Amino acid sequence: MNDKLIAKLNACLAHEWTGVAQYSQMGFMVSGLWREPYAEMFFESAKESFGHAHRIGDKIAAMGGVPTLERNKVQVGDDIHGMLQHALEFEQAAVKHYMEALEMADGVDRPLVVLLEEILLDEQDGVDKLSRIIREHGAAAAAEGHKKTKTG
Ligand SMILES: [Fe+2]
């Protein structure tokens, strides 16, 4: 059971490392009028992913595992709409990862459940925040007669 749980935590960690790289790249690349409001938000999200990676990696080591150095494919997008869409998908995937880890830890390791629940709340906040931003972007783009998003 411990091995399976460590493997799942490593899947969470790989996702967080992906977030560090992906959100940093979005912060580097966001341009034009959108740069001012969004570069800082993306850099803050990169820091949040690093903070989660730190907590999960530390826990994996404490459980006798080896924290992974792998990450998944980074998806950045060509413009702010694509970036926000990829960011939302990233946060939704994070919620899924932590829900799955929670199911495995439930009844087995109470302190780990608490840790995972704290991180899960951050991930759900990310989903909520990005969903609202994308809603507004979609409405603004429609009012200007543009397509809603490149991906949607
Ligand atoms: Fe995270």
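Observations, loosely collected:
- The angle between the Cα long axis of helix 80-105 and the main principal axis of the chain comes to about 20°, on a 0 to 90 degree scale.
- Most fluctuating residue given options LEU130, LEU33, LEU120, as computed from a GNM of the chain linking Cα atoms under 10 Å: LEU33
- With contacts taken as Cα pairs under 8 Å and at least 6 residues apart, the stretch 17-66 reaches a relative contact order of 42 percent.
- Global form of the stretch 2-143, assessed from the alpha-carbon gyration tensor, a/c cut-off 1.5: prolate
- For the stretch 2-143, size of Cβ-based charge dipole, Lys and Arg +1, Asp and Glu -1, in debye: 220
- Taking 0.36 nm per residue of separation and subtracting the Cα-Cα distance, full extension of the segment from GLU36 to ALA143 would add 36.3 nm.
- For the chain, the longest principal axis of the Cα atoms and the long axis of helix 110-143 meet at an angle of about 10 degrees.
- Most fluctuating residue given options LYS96, LYS73, LYS47, as computed from a GNM of the chain linking Cα atoms under 10 Å: LYS73
- Cα centroid of the stretch 9-82 to Cα centroid of the stretch 88-146, whole Å: 14
Values quoted throughout were computed directly from the atomic coordinates according to the rules given, and no laboratory measurement underlies them. Only a predicted model underlies this, so the values are computations on that prediction, with no experimental measurement involved. Note that we place each Cβ from the backbone using ideal geometry, even for glycine, and neighbour counts take in every protein chain shown.
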